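Asks: Below: one structure in structure tokens.
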Amino acid sequence: MVILKVGGGKAINWEYIATDLKALQEDVIIVHGANAYASEIAEKLGVKETFIMSPSGHTSRYTDDQAMDVLTMTYAGLINKKIVSVLRQHGINALGMCGADGGVWMGKKKDAILSEENGKVKVIRDSLTGNVTSVNRDLIMLLVHHGYTPVITIPAVTPEGELINVDNDRAVAVMARDLAIQRIIILFEAPGFLADKGDDSSRVARMKISEINTYIQATDGRMRKKLLGIKEAFTFGVQEVCLGDGRKKHPIINTLEGKGTIIQ
């Protein structure tokens, strides 16, 4: 069994992904994003997006009630169901769900978030953000054993039933731990990990997990979050993470053949 994590950019081609999935001789659990669409819908609805920069340089979305509504309708609603539709058109028995459904992603809300603005650090206590702490393994395995391909996205849910925004990359790491997954495939809008962001020719074909801290320090934004999630996944027993381009034909096959970045 493998986890396929797919980014939320508009250039991701789900037709290509579905074609490869149909040929893959392995059970797959899909986790997807929808960031670009969420920003677009927020703008259309007149909901202002606010991003928080932590003192350590990590960027996250400030999630109040309005932002949570936009995220839920975009990730768990519009984009999740569009992905399910494409997969089913290709004969994949996809079942879309968010982390709250069946408690598939149980999480803990953060008590506080540190935000740095103009050299000053302030404490934010009302953001609906948190981390996935456990996965409903029984539910996922029930679906997989009955021939379904789970397609999962945010939000997660707390034991009290509160929806929370979580980082998909870290959620994947926890899934790998609880499901004893050894391989993760990650597709996004780049040919692999780029040593020089924006320069496709700087693709790193192979990366040792022992080198990952060096690469984390050299990156920022979403790629840093991806690498942090990958690092955590390896501590949970993952043996291989393959990064590849979700925009090109045969994205999964190419990635597994080493045409992206393989981390071991």
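Asks: Of the residues L163, L187, which single one is open to solvent by 20 Å² or more (accessible area, probe 1.4 Å), touching a helix residue (DSSP H, G or I) at 6+ places or on another chain (Cβ under 8 Å) and not charged (D, E, K, R)?
Replies: Just a single option satisfies the conditions, and that option is L163.
Asks: A34 - would you say it is aliphatic (A, V, I, L, M), modelled with pLDDT under 95 and within 28 Å of G244 (Cα to Cα)?
Replies: The answer is no for A34.
Asks: Which residue, of K225, K231, is modelled with pLDDT under 95, assigned to a helix (DSSP H, G or I) and either open to solvent by less than 60 Å² (accessible area, probe 1.4 Å) or basic (K, R) (or both)?
Replies: After applying the criteria, what remains is K225.
Asks: Something else about it: Name, by its number, the condition in (1) more than 23 Å from A173 (Cα to Cα); (2) among the β-branched types (V, I, T); (3) open to solvent by less than 20 Å² (accessible area, probe 1.4 Å) that does not hold for I3.
Replies: All conditions are met except number (1).
Asks: Take K249 and decide whether it is over 26 Å from G130 (Cβ atoms), modelled with pLDDT of 95 or more, open to solvent by 30 Å² or more (accessible area, probe 1.4 Å) and in a loop (DSSP other than H, G, I, E, B).
Replies: Criteria met by K249.
Asks: Sticking with this one: Does the stretch 227-241 contain at least one residue that is in contact with a strand residue (DSSP E or B) (Cβ under 8 Å, 6 or more places away or on another chain) and within 19 Å of I17 (Cα to Cα)?
Replies: Yes, because at least one residue in the stretch 227-241 is in contact with a strand residue (DSSP E or B) (Cβ under 8 Å, 6 or more places away or on another chain) and within 19 Å of I17 (Cα to Cα).
Asks: While we're looking at this one, here's another question. Taking the options G102, G77, G147, name whichever one is open to solvent by 10 Å² or more (accessible area, probe 1.4 Å), modelled with pLDDT of 95 or more and in contact with a helix residue (DSSP H, G or I) (Cβ under 7 Å, 6 or more places away or on another chain).
Replies: The unique qualifying residue is G102.
Asks: I would also like to ask the following. Could you figure out which of (1) touching a Leu at 6+ places or on another chain (Cβ under 8 Å); (2) more than 24 Å from Y75 (Cα to Cα); (3) small (G, A, S) isn't true of A156?
Replies: It is condition (2) that A156 fails.
Asks: When you look at I262, is it in a helix (DSSP H, G or I) and not hydroxyl-bearing (S, T, Y), yes or no?
Replies: No; evaluated as a whole, the condition is false for this residue.
Asks: A further question follows. Among the residues of the stretch 13-40, write down those that are open to solvent by 30 Å² or more (accessible area, probe 1.4 Å), under 20 Å from N80 (Cβ atoms) and not polar (S, T, N, Q).
Replies: W14, E15, Y16, K22, D27, A36, Y37, E40 - these are the residues of the stretch 13-40 that are open to solvent by 30 Å² or more (accessible area, probe 1.4 Å), under 20 Å from N80 (Cβ atoms) and not polar (S, T, N, Q).
Asks: I've got another one for you. For the structure I just gave you, tell me whether T63 is of a type in the set (V, I, T), over 15 Å from the mean Cα position of the chain (by Cα), closer than 27 Å to T255 by Cα and buried (at least 16 other Cβ atoms within 10 Å of the Cβ).
Replies: Against the criterion (of a type in the set (V, I, T), over 15 Å from the mean Cα position of the chain (by Cα), closer than 27 Å to T255 by Cα and buried (at least 16 other Cβ atoms within 10 Å of the Cβ)), T63 does not qualify.
Asks: Only residues that are more than 26 Å from K259 (Cβ to Cβ) and touching a Phe, Trp or Tyr at 6+ places or on another chain (Cβ under 8 Å): list them for the stretch 153-193, please.
Replies: T153, I154, P155, A156, V157, V166, A171, V174, R177
Asks: Now for a different question. Has the stretch 43-63 got at least one residue that is over 23 Å from E189 (Cβ atoms), in contact (Cβ under 8 Å) with a residue 12 or more places away in the chain and outside any loop (DSSP other than H, G, I, E, B)?
Replies: The answer is yes, given that some residue of the stretch 43-63 is over 23 Å from E189 (Cβ atoms), in contact (Cβ under 8 Å) with a residue 12 or more places away in the chain and outside any loop (DSSP other than H, G, I, E, B).
Asks: If you check every pair at least six apart or on different chains, which have Cβ atoms under 8 Å apart with a residue in the stretch 82-103 that is farther than 14 Å from I140 by Cβ first and a residue that is at pLDDT below 95 and of a type in the set (K, R) second?
Replies: H90/K22; G91/K22; I92/K22
The values are calculated or read from the model by the stated rules, or taken from the named source; none is laboratory data. Every value quoted in this text rests on a predicted model; they were computed, and no experiment measured them. A quick note on method: Cβ atoms are made from the backbone with ideal geometry, for glycine too, and the neighbour counts reach across all protein chains shown. These accessible areas exclude ligands, DNA and RNA; they are computed on the full protein's heavy atoms, side chains included. Shrake-Rupley method; radii C 1.70, N 1.55, O 1.52, S 1.80 Å.
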